[in-house]
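Since the structure comes first, as structure tokens, the remarks are kept for the end.
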Amino acid sequence: MKYLKKGLIVALMVVGLVLSIGSEGAFQSKGLQFGSAGKSVQLAYVNWDTEIASTNVIAKVLEDEGYSVEMVPLDNAVMWQSIAQGESDAMVAAWLPVTHEAQLAEYGDQMEDLGPNLEGAKTGLVVPDYMDVDSITDLTDQAGQQLTGIEPGAGIMNSSETAIETYSNLSSWNLQASSTGAMTTALKQAYQKEEDIIVTGWSPHWMFASFDLKYLEDPESVFGEGETINTMVRDGFEQDDPEAYAIMDKFHWTVDDMEAVMLDIAEGTEPADAARKWVDDNQDKVKKWVE
């Protein structure tokens, strides 16, 4: 009887081992790493149309690679701080060298800059094409001497305040802070009535696909000659998760790519669905990021 019990125990151990190997094989046959369910990434972003688009796209790519992704919307300065303090893993939202110059100076040495994920970005004062002005120096009393802005603390708001201080013809002008949504709503209403309006604008942005707009020339280069949008990750991210780090490092797309996602969202598509559509339709680019 004693030997029978020992034989039964050994047999059960063998069966358990076979089942365990079989389970691992089942996971591998589906292209998943055994035990990969714990992979997670936290992405910080500022609630701008550009960053909503880019963050949702890279989140979908990471999810397709087996990651659980948490997207955390934060104010601009807090977004930078969260990466610097290691509270978030990464962001794809650093506008450089002008828009986020102050944040880079304060936090840049506490994180890693992976370089541009988008080139050809631009910021400045934007007006409808029907307005008879071409330069910031042409502004006199249009739109009640008001610049329609976005959230206080945004980099472009700081640049716009600098423009008011730099250009003598803007000394009596007012910069009206609001939100990105309120700014685009005001632009749409003025555009439909062909009224004067000057907004703090940037591209990529869906409004350039929806309206005939132009940047005002900036002779003093207050808004810079052009911007890139860079990917920033917390210190130690590469060592902790080299796979996610490599994907973030290879993430790179174009103005047209971003504006396609932004326009879908502006027309009513949920951000996650717009990102899913772009990822599915652009597998040739996505494969380069994850290979």
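The values are calculated or read from the model by the stated rules, or taken from the named source; none is laboratory data. Quick caveat: nothing in here was measured; it's all calculated off a predicted structure. Glycine gets a Cβ as well: all are built from the backbone with ideal geometry, and neighbour counts include every protein chain shown. Surface areas here come from the heavy atoms of the whole protein model, side chains and all, with no ligands, DNA or RNA. Shrake-Rupley method; radii C 1.70, N 1.55, O 1.52, S 1.80 Å.
Of all residue pairs spaced 6 or more apart or on separate chains, none has beta-carbon atoms under 6 Å together with a first member in the range 138-153 that is closer than 10 Å to Ala177 by Cβ and a second member that is acidic (Asp, Glu).
Taking the criterion of being among the aromatic types (Phe, Trp, Tyr) and within 26 Å of Gly124 (Cβ to Cβ), the residues of the range 49-106 that qualify are Trp80, Trp95.
Criterion first (in contact (Cβ under 8 Å) with a residue 24 or more places away in the chain and in a loop (DSSP other than H, G, I, E, B)) does Ser160 satisfy it? Against the criterion (in contact (Cβ under 8 Å) with a residue 24 or more places away in the chain and in a loop (DSSP other than H, G, I, E, B)), Ser160 does not qualify. The residues in the range 87-113 that are of a type outside the set (Phe, Trp, Tyr) and surrounded by 16 or more Cβ atoms within 10 Å (Cβ to Cβ) can be counted, and the count is 17.
Residues checked against (1) of a type in the set (Val, Ile, Thr); (2) buried (at least 20 other Cβ atoms within 10 Å of the Cβ):
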position: Thr166; (1), (2): yes, no
position: Gly181; (1), (2): no, no
position: Thr185; (1), (2): yes, no
position: Gln189; (1), (2): no, no
position: Thr200; (1), (2): yes, yes
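Pairs are defined by a Cβ separation below 8 Å, a sequence spacing of at least 6 or placement on different chains, a first member in the range 198-218 that is on the phi > 0 side of the Ramachandran plot, and a second member that is open to solvent by less than 10 Å² (accessible area, probe 1.4 Å) and not in a strand (DSSP E or B); no pair meets this definition. Within the range 114-133, track down each residue that is over 17 Å from the mean Cα position of the chain (by Cα) and either in a helix (DSSP H, G or I) or surrounded by fewer than 17 Cβ atoms within 10 Å (Cβ to Cβ) (or both). Correct list: Asp129, Tyr130, Asp132. Taken over the range 54-90, the residue count meeting the criterion of being modelled with pLDDT under 95 and of a type in the set (D, E, K, R) is 1.
The residue that is nearest to His252 (Cα to Cα), counting only those in the range 53-92 that are hydrophobic (A, V, I, L, M, F, W, C) and more than 13 Å from the chain's Cα centre (by Cα), is Val61. Among the residues making up the range 130-168, a single one is at pLDDT 95 or above, acidic (Asp, Glu) and under 29 Å from Tyr45 (Cβ atoms): Glu161. Note on the range 221-246: residues that are over 21 Å from His100 (Cβ atoms), in contact with a strand residue (DSSP E or B) (Cβ under 9 Å, 6 or more places away or on another chain) and aliphatic (A, V, I, L, M) total 1. Quick one: would you say Glu63 is closer than 25 Å to Thr269 by Cα, without any contact (Cβ under 8 Å) to a residue 24 or more places away in the chain, open to solvent by 30 Å² or more (accessible area, probe 1.4 Å) and in contact with a strand residue (DSSP E or B) (Cβ under 6 Å, 6 or more places away or on another chain)? Here the answer is yes, as Glu63 does meet what is asked.
Counting only residues that are surrounded by fewer than 16 Cβ atoms within 10 Å (Cβ to Cβ), give me the helices (runs of 4 or more DSSP H) lying completely in the range 215-290 with at least 2 of them.
Ranges flagged: 237-240, 242-250, 271-281, 283-290.
Taking the criterion of being modelled with pLDDT of 95 or more, out of contact with any helix residue (DSSP H, G or I) (no Cβ under 8 Å at 6 or more places or on another chain), part of a loop (DSSP other than H, G, I, E, B) and of a type outside the set (S, T, N, Q), would at least one residue in the range 184-194 satisfy it? Yes; the residues of the range 184-194 include at least one that is modelled with pLDDT of 95 or more, out of contact with any helix residue (DSSP H, G or I) (no Cβ under 8 Å at 6 or more places or on another chain), part of a loop (DSSP other than H, G, I, E, B) and of a type outside the set (S, T, N, Q).
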